[in-house]
Amino acid sequence: MSNLEQIETQVKQLSPSDFAKFRAWFHEYDWQAWDCQIEQDSKSGKLKALAEKALEDHRAGRTKVL
């Protein structure tokens, strides 16, 4: 049995309250990983072209107020 399969089995065996706690923990963990990835992409310049395109579109009137 793989490590992932073992984790899946253990998660399925959690009580409803422990599952709720696990879900909240995992949600926060996942968001922190996402935030770190966005920060790394920003620092490396990967998002620069997207930001420049968005600003160009805005200056050209191709955006609308939300």
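General remarks:
- Share of carbon and sulfur in the accessible area of the stretch 1-57 stands at 59%, probe radius 1.4 Å.
- A helix-only calculation puts the chain at -26000 deg cm²/dmol for mean residue ellipticity at 222 nm, using -39500 (n - 2.57) for each DSSP H run of at least four residues, averaged over all residues.
- Accessible surface area normalised per residue over the chain is 95 Å², counting heavy atoms of protein chains with a 1.4 Å rolling probe.
- Toward the positive end of the charge dipole of the chain, with +1 on the Cβ of Lys and Arg and -1 on the Cβ of Asp and Glu, the farthest Cα among Leu55, Gln6, His27 is that of Leu55.
The values are calculated or read from the model by the stated rules, or taken from the named source; none is laboratory data. Note that the coordinates shown come from a computational prediction; the quantities given were computed from them, not determined experimentally. Methodologically, a virtual Cβ is constructed for each residue, glycine included, from the backbone with ideal geometry; neighbour enumeration extends over all protein chains shown. Each accessible area value is taken on the protein alone, full model and side chains, heavy atoms only, with ligands, DNA and RNA left out. Shrake-Rupley method; radii C 1.70, N 1.55, O 1.52, S 1.80 Å.
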